[in-house]
C-alpha cells in the first residue's frame with residue numbers, strides 16, 4: 001500500500017524513479033543562459049536566491065515543466081519548441097517558481113501520510129468485513145479507502161496548482177510582464193485535452209480544469225496595468241534563437257524545415273544552418289553560421305555552435321580558435337569553457353595540455369558538479385603523468401555518477417599517491433562519503 005501511494009505522489013508533482021531513468025537531460029549553454037535570463041526577474045520578485053534553484057532541461061516533446069526535490073525546475077524541450085513567444089514560456093516558469101517559493105514539495109510527506117492513513121482505514125474496514133463473512137462489503141470498503149485517499153491527495157495537488165497559478169500572476173505583474181502568454185498556453189492545452197471538459201471528473205484531476213485556469217488568468221489580465229506590456233525585445237530574440245536551435249536538433253529534418261518555410265529571419269537561418277550540418281552538409285552549415293556571426297559578432301553562442309559543428313565533424317584543430325572566441329565572449333559559461341578545453345584535449349597536442357587544464361579547471365570552478373569535466377581533467381592529468389591527480393579526478397567523476405564502488409577505489413588510490421595537502425583531504429572526503437553510501441545501501 002505504501003508503494004501505491006508513493007506512485008500516486010510521484011506522478012502528481014515529481015518524476016517517479018522509473019521515469020527519471022528514461023529522461024534525457026540536455027546540456028546546452030545557450031538554452032540554459034536564456035532560461036536563466038527569463039527566471040532571474042521571477043526569482044527576484046519571488047524572493048528566491050537563484051543560486052539555490054537548478055534548471056534542468058530534458059528532451060521530451062510534451063508541453064510540460066515540473067519542480068522536484070532539491071529545488072530542481074525541470075523544463076521539457078517541448079515547452080520551448082511549442083511556445084510561440086517568450087511570454088508563454090515566462091508564464092509557465094512563473095508558475096513553477098510559485099511551487100518553489102511555496103515549498104510545495106516539502107509538504108508532500110505530510111499529505112502522503114494523511115492519504116496513506118485514509119487508504120489503510122479502508123483496508124482495515126475491509127478486513128473486519130471479510131472476517132464477518134461479508135466478502136463483497138470487504139472489497140468495497142478497501143476500494144473506497146483507496147478512492148478516498150486518491151481524491152484527498154488530488155485535492156491537495158489541485159490546491160497547490162491553484163496557489164502556483166496565483167503566485168505566477170503576482171510575479172509576472174511585479175516583473176512588469178503581461179500574463180497573456182500564460183493564457184495563450186492554457187488555451188492551447190485546452191485544445192489538446194483528451195476528453196470534453198464536461199466529461200472529466202474534476203475531483204480526480206491533479207490540476208484545476210483548464211477552462212477555470214484560463215478564466216483566472218483572464219480576470220487577472222483585465223486588472224493588470226501590464227496587460228499589454230511587451231516582453232523585452234532582446235529576451236524575445238534569444239528565445240526565438242533557442243527555439244529554432246531545439247527544433248533543428250530534436251525534430252526530423254523535413255518537419256523542422258517546414259516550420260521555417262518562407263522565413264528569412266535570424267532564427268530561421270540558424271535552424272537551416274544546423275539542419276544542413278546534421279544532414280552532412282558541413283560547408284553549407286558553416287556558411288549559414290558565418291552569416292549570422294557577421295551580423296552579430298558578439299554572440300558567443302554562435303561561435304560555440306560553429307565550434308561544435310567543426311569538432312563533431314572531425315575538424316578538431318579548426319574548432320579550437322572558434323571555441324577560444326566563444327570563451328572570450330562568455331568567460332562565465334561553464335559549458336563553453338568545457339567545450340574549449342575538451343577540443344584541446346582531443347587535439348592530442350602536448351603543447352595544448354596546460355591551456356586545456358586551465359579551461360577545464362575554470363569550468364569546474366563555475367560548475368563543480370559536471371562529471372564530464374572531471375573526466376576530461378583526469379585525461380589531462382594522465383597525459384601529464386600525475387596518477388594521483390588523475391585518480392582524484394576519476395573519484396570525483398564516479399561520485400557524481402553515483403558509482404560509489406569505483407569512487408572508493410579511485411579515492412583510495414589518490415590518497416596513497418598524493419602528498420599531504422588539500423588534494424589528499426579531498427580524496428579522503430570522497431572515500432568517507434563512499435563508505436557512508438555503501439553502509440546505507442547495505443542497511444536497505
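The values are calculated or read from the model by the stated rules, or taken from the named source; none is laboratory data. None of the values given here were measured: they were computed from a predicted structure. Every residue, glycine among them, receives a Cβ derived from its backbone with ideal geometry; neighbour counts consider all protein chains shown.
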* To do: Please go through region 344-376 and pick out each residue that is under 22 Å from residue 25 (Cα atoms) and part of a helix (DSSP H, G or I).
  => 360, 363, 364, 365, 366, 371, 372, 373, 374, 375, 376
* Structure fact -> residue 182 meets each of (1) surrounded by fewer than 21 Cβ atoms within 10 Å (Cβ to Cβ); (2) in the same structural domain as residue 98 (by TED's automatic domain parsing); (3) modelled with pLDDT of 85 or more with one exception, condition (1)
* Within region 14-35, is there a residue that is in contact with a strand residue (DSSP E or B) (Cβ under 9 Å, 6 or more places away or on another chain), within 24 Å of residue 170 (Cα to Cα), assigned by TED's automatic domain parsing to the domain that holds residue 171 and modelled with pLDDT of 90 or more? -> yes
* Asked: Which one of these is farther than 23 Å from residue 178 by Cα, crowded, with 21+ Cβ neighbours inside 10 Å and touching a strand residue (DSSP E or B) at 6+ places or on another chain (Cβ under 9 Å): 302, 246, 310?
  -> 246
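Looking at 227, 244, 248, which is the one that is in a loop (DSSP other than H, G, I, E, B) and not assigned by TED's automatic domain parsing to the domain that holds residue 182?
On the way: 244 fails: in a loop (DSSP other than H, G, I, E, B); 248 fails: in a loop (DSSP other than H, G, I, E, B).
Unique residue meeting the criteria: 227.
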* **So residue 414, is it buried (at least 16 other Cβ atoms within 10 Å of the Cβ) and either over 21 Å from residue 26 (Cα atoms) or in contact with a strand residue (DSSP E or B) (Cβ under 7 Å, 6 or more places away or on another chain) (or both)** => yes
* **Selected residue [assigned to a helix (DSSP H, G or I), surrounded by 14 or more Cβ atoms within 10 Å (Cβ to Cβ) and modelled with pLDDT under 95] from 407, 434, 395** => 434
* Name every residue in region 72-92 that is surrounded by 18 or more Cβ atoms within 10 Å (Cβ to Cβ) and touching a strand residue (DSSP E or B) at 6+ places or on another chain (Cβ under 7 Å), in order of residue number. => 73, 74, 75, 76, 77, 79, 92
* **Residues within region 424-434 that are within 18 Å of residue 373 (Cα to Cα) and touching a helix residue (DSSP H, G or I) at 6+ places or on another chain (Cβ under 6 Å), tallied** => 2
* Asked: Is it true that residue 48 is under 23 Å from residue 177 (Cα atoms) and either surrounded by 20 or more Cβ atoms within 10 Å (Cβ to Cβ) or in contact (Cβ under 8 Å) with a residue 40 or more places away in the chain (or both)?
  -> yes
